Amino acid sequence: MLATRRIEDFALVSDMQTAALIGRDGTVEWACLPRFDSPAIFANLLGDQDNGFWRIGPAGGADPVSTDRRYREDTLVLETRWVTRFGIVKVIDFMPPREHGAPQLVRVVEGVSGRVPMASRLRMRMDYGSVVPWVETWGDRTQAVAGPNSLWLDTTAPTYGEDLTTCSDFTVTEGERLTFTLTWHPSHLSPPPVPDAEAALKVTEEFWTDWVSHCTYDGPYREAVVRSLITLKALTYAPTGGIVAAPTTSLPEHLGGIRNWDYRFCWLRDAALSFSSLLRTGYWAEARDWAGWLVRAVAGDPEKLQIMYGLGGERQLPESELPWLNGYEDSRPVRIGNDAAGQLQLDVYGEVAETLHRARQAGLPAGPADHLQVKLIHFLEEHWMEPDDGIWESRGPRRHYVHSKVMAWVAVDRTVQLLETGAVDGPIERWKALRERIHQEVCERGFDPERNTFTQSYGSKELDAATLLIPQMGFLPPEDPRVIGTVEAIQRDLTTSDGFVMRYLTAGDEVGIDGLSGDEGAFLVCNFWLADGLAMIGRHDEARDLFERLLGLRNDLGLLAEEWDSKRERQVGNFPQAFVHGGVVDTALRLAEKFSTAEAAA
């Protein structure tokens, strides 16, 4: 049985329509084809080897003395290098960007020195590891079929079947290259053309190198910024512009626990941060495409605005469980779909309005977005005072969450600013009064004067890291004592023993305020918000120190999962997460701006 890897041991490859996770030992343990949200063909990550995997690496007896890996320059082409007692070998993994072709995972084995015995073990399983396909081989081509799906393996190495696995044993010498390409194809169509792996490698490297060349950021931490931007691009569904929260499902927030969710959808709040990151670093086309996806996804009745949608804007994302999968490190259940899509979260109105506001400031054409925004505020005007499920998708009772009310204020404020331009008509004076009413209520009911901090919900004592966004959203200025008090309270009372921020306190074995039992790690994007907050209130050195500590949590390839388990000192949650990588970019830009301003003042 293949050993379970730490989450940070994985690398990401993507063609901007789907992705695969590859371990340090050369095993592909997760891949969904043909889309991010399709059923997995390799699900060993959430089960065992019977649920599908593909390993290429040194054969038995050639155990590596050392292993290292990297992405080639500023690309998403992965290179894993093994030093063995027989010599040195590397495997180059990538997914060529799709135009109109089929999704492909390409693996090139290259001998660097000596003669290294190698092995490929490909166990294809459809529908999250539950279906064994029918496999046939014709010459150099192997086809696996189950229902509507077929997989085609093309390789220059000899293959044979054993134990329902397609195997290859070969020796690679210095300068020799062998290629393996796995192509997904609709089973009812004629076979796909035989791929040219070497040409695909050239095209893939050129694509990423050209894309990175358009980055306009040239300040501190550029390496981290560029790698996070590449990750955001990799998580973008190219046909529509939607950005998935992560390419995985059910990687646990607490090892062995039940906090396991499907993130292969487009959250408005996550993608809004990604939109900001792309827009501020010169990627107007991606920002424009996402804004277009947003307008199409939320079009319709405003009372039906969802917190997340499918890759194409789909609304129905029913949640179910896969009982045949044991879960990552026995973290059950494994879920697909996400019932949180049906929750009421008032903050999304603010996120939509803020995104459209930033798009207008950047000069992106609004089209029907202005009228859509006004329509949304007409609905919000009647419902902002209701309790909701909050930004963190609580599965407990609804509350008057402070962050939700702040973002309702943002929605109204940005719409008032839109009306002031004269681009569209609306009840501007009425909405100015509404803006003031919401602001006054939040300050009166959501603030604890004894501790000098905003709280999670009206009248509660709990803290919530989402209130760190208050100055970023312009609800209060950074120098306001209530903002400073909130930043200090969260830094003091909502952090782990090693100083990382949790989004809120959980209740362990008891059912907490979120309706769930169990704990979770430090929520990484909230730590970037804390760094932002520290910088905004003038504590620049602390902000920079925290930011650099966070960068130190990245894996060797610069990737971050959703959370950090301080007790076990490892990443947890779905991986890699767009929300977190958007946080890397935004905080790096904020720190660059703050330190530049401070140096100019000095």
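Rule-based calculations on the coordinates, nothing more; no lab input. What you see is a predicted model; the values in this text were computed from it and never measured. Methodologically, a virtual Cβ is constructed for each residue, glycine included, from the backbone with ideal geometry; neighbour enumeration extends over all protein chains shown.
Note on the range 279-339: with charges restricted to the Cβ of Lys and Arg (+1) and Asp and Glu (-1), its dipole about the Cα centre is near 280 debye. What you get for the range 323-367, charging only the Cβ of Lys and Arg (+1) and of Asp and Glu (-1), is a dipole of about 200 debye around the Cα centre. Summing charges over neighbours of L364, with a neighbour being any other residue whose Cβ is under 10 Å away from its Cβ, gives +3 when K and R count +1 and D and E count -1. Listed by Cβ neighbour count within 10 Å, with the fewest neighbours leading, D330, D532 appear as D330, D532. Legend: residue pairs K233/K405; K405/K432; K375/K432; K405/K461, Cα-Cα distance threshold 20 Å; pairs beyond threshold, K233/K405. Scanning the chain for helices, which whole DSSP H stretches are 20 Å or more long along the axis (Cα) and average -0.5 or more by Kyte-Doolittle? Sorted by number, the helices that extend far enough and score high enough are 197-213, 284-298, 369-383, 402-421, 578-601.
Take every Cα pair under 8 Å whose residues are at least 6 apart in sequence, average their separation, divide by the length of the chain, and the relative contact order is 12 percent.
Cβ crowding within 10 Å ranks L182, L419 as L419, L182, fewest other Cβ atoms first. Placing +1 on the Cβ of every Lys and Arg and -1 on the Cβ of every Asp and Glu, with no other charges, gives the chain a dipole of roughly 520 debye about its Cα centre. The largest-to-smallest principal axis extents of the Cα set in the range 7-198 are 45, 35, 32 Å.
Remark: relative contact order (the range 7-198) = 19 percent; criterion is Cα-Cα distance under 8 angstrom and separation of 6 or more residues.
Computed over the chain, the per-residue total of -39500 (n - 2.57) for DSSP H runs of n ≥ 4 gives a 222 nm mean residue ellipticity of -10500 deg cm²/dmol, rounded to 500. The fraction of all Cα pairs in the range 536-588 landing in successive 5 Å bins from 0 to the largest distance is 4, 18, 27, 25, 14, 8, 2, given as whole percents.
Ranked by the mean number of other Cβ atoms within 10 Å per residue, highest first, peptides 567-573, 340-346 order as 340-346, 567-573. Projecting the Cα atoms of A340, P323, L376 onto the dipole axis of the range 314-411, where Lys and Arg carry +1 and Asp and Glu carry -1 at the beta carbon, places L376 farthest toward the positive end. Think of the chain as a dipole: +1 on every Lys or Arg Cβ, -1 on every Asp or Glu Cβ, centred on the Cα centre; then among T506, V172, H439, V172 lies furthest on the positive end. Pick out, from Y349, L364, S274, the residue whose Cα sits farthest towards the positive end of the charge dipole of the range 261-379, with +1 on the Cβ of Lys and Arg and -1 on the Cβ of Asp and Glu. So the residue we want is L364.
Taking the number of Cβ atoms within 10 Å of each Cβ as an exposure proxy, the fewest-first ranking of S66, S404, S120, S566 is S66, S566, S120, S404. Our summary gives the range 517-561 a relative contact order of 28 percent, counting only alpha carbon pairs under 8 angstrom and 6 or more residues apart.
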